[in-house]
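A short worksheet on the structure shown next.
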Amino acid sequence: MSLSIRANGLEFTADLSGPADGELVLLLHGFPQTRHTWRAELAALAGAGFRACAPDQRGYSAGARPAGIESYRVESLVADALAIADSLGASRFHLVGHDWGGQLAWLLAASHPERVRTLSVLSRPHPAAFARAMSEDTAQAGRSRHHVSFLRAEATDELLADGAKGLRGALARQGVPEAGVTEYLATLGQRAALDAAVNWYRAASKSGLAARDVPPVRVPTLYVWGDSDATVGRRAAEGTRDFVAAPYRFVELPGVGHFVTDQAPAAFPPLLLEHAQAVRNPRGSERS
């Protein structure tokens, strides 16, 4: 069901499924997507007895769209996730993230390990592994050139030009079906929402913690990467192992691009369930 969650002084639109007494799984979407990306995961988690929550994050939810670039610093975005969990009465929870949501998930797990039961991330490497690859691998810098492009004031209007041709193309080239593109553009086709979403990139350099200084994560971690990801290369993906000081599983999906849950919707739910259930049952099948 869809509902509004008040957290950190804002109103977040979210999808919530599963029993009220189930362990919370908080799912954080990336750019340029919305909570819609987690539809298969919500159903699978609810069926396994978890309580799953997928919010439209800051800027994406109409009631959580403060003005100004400073409002989108990662510290505020991480605080939103913690506050949403608090609003749902969860002192500890399973954390899932993709793309920008993955960045927040790494940061939250690194800074608040006492809150996180398990961490599962799609596509986005550990921030320090990503920063290392950006400095050592010219191909990765090329893959991430949009990070710099989005800093420009005119970036939002360019993405929306000609019927949002830029956004549509970015999603379609990485295997997102037309129905998914339409769903995401129902939110991000609005200038206010897209400008707020792009502000995540503009505010990234204003964080008090450089990506290369993010410490290793010390909670059980699953990292899933598609080898056809146009924005994350192999060096960053494989290098993530160096920044997890806990049981760790890396799963490579052949022929899958950046938007895993749309291009290959059946791939991630069983991996996620196996990972989360292994903590419930220490004799489960999680591999280190």
| Once label points are set 7 Å from the Cα along Cα→Cβ at both A67 and S2, what is their separation, rounded to one decimal in nm? | 2.7
| field | Residue-by-residue Karplus 3J(HN,Hα) for region 19-31, coefficients 6.51, -1.76, 1.60, Hz, glycine and proline x | value | x, 4, 9, x, 5, 6, 10, 9, 10, 10, 7, x, 10
| request: Give the residue from A64, S135, Q103 lying farthest towards the positive end of the charge dipole for the chain; charges sit on Cβ (+1 for Lys and Arg, -1 for Asp and Glu) and the dipole is referred to the Cα centre. | output: S135
| Computed magnitude of the charge dipole of region 2-280 (debye, nearest 20; Cβ of K, R +1, Cβ of D, E -1) | 340
| request: Starting from the amide H of L24, placed 1.01 Å from N in the peptide plane, find each other amide H under 5 Å away whose residue is 5 or more places distant or on another chain. | output: R51, H94
| note | Residues whose modelled amide H sits under 5 Å from the amide H of A230, counting only those 5 or more places away in sequence or on another chain, are H258
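Roughly how big is region 65-224's charge dipole about its Cα centre, with Cβ charges of +1 (Lys, Arg) and -1 (Asp, Glu), in debye to the nearest 20?
So the magnitude is around 300 debye.
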| query | What per residue convex hull volume, in Å³, comes out for region 211-278 when only alpha-carbon positions are used? | reply | 91
| Listed residue (S76, S123, A267) projecting farthest to the positive dipole end of region 2-280, Cβ model | S76
| message | How high is the relative contact order of the chain? Use alpha-carbon pairs under 8 Å, at least six apart in sequence, and give a whole percent. | response | 21
| region 244-271 residues near the modelled R234 label - backbone nitrogen below 16 Å, point 7 Å along Cα→Cβ | 251-257
| For E11 and E75, FRET efficiency with R0 = 22 Å and r from the beta-carbon atoms, rounded to 0.05? | 0.65
| field | Antiparallel %, DSSP beta bridges [both residues in the chain], to 5 | value | 30
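Throughout, read-outs are computed from the coordinates displayed, never taken from laboratory work. All values derive from a computational prediction rather than experimental measurement. All Cβ positions, even for glycine, are placed from backbone atoms using ideal geometry, and neighbour counts span all protein chains on display.
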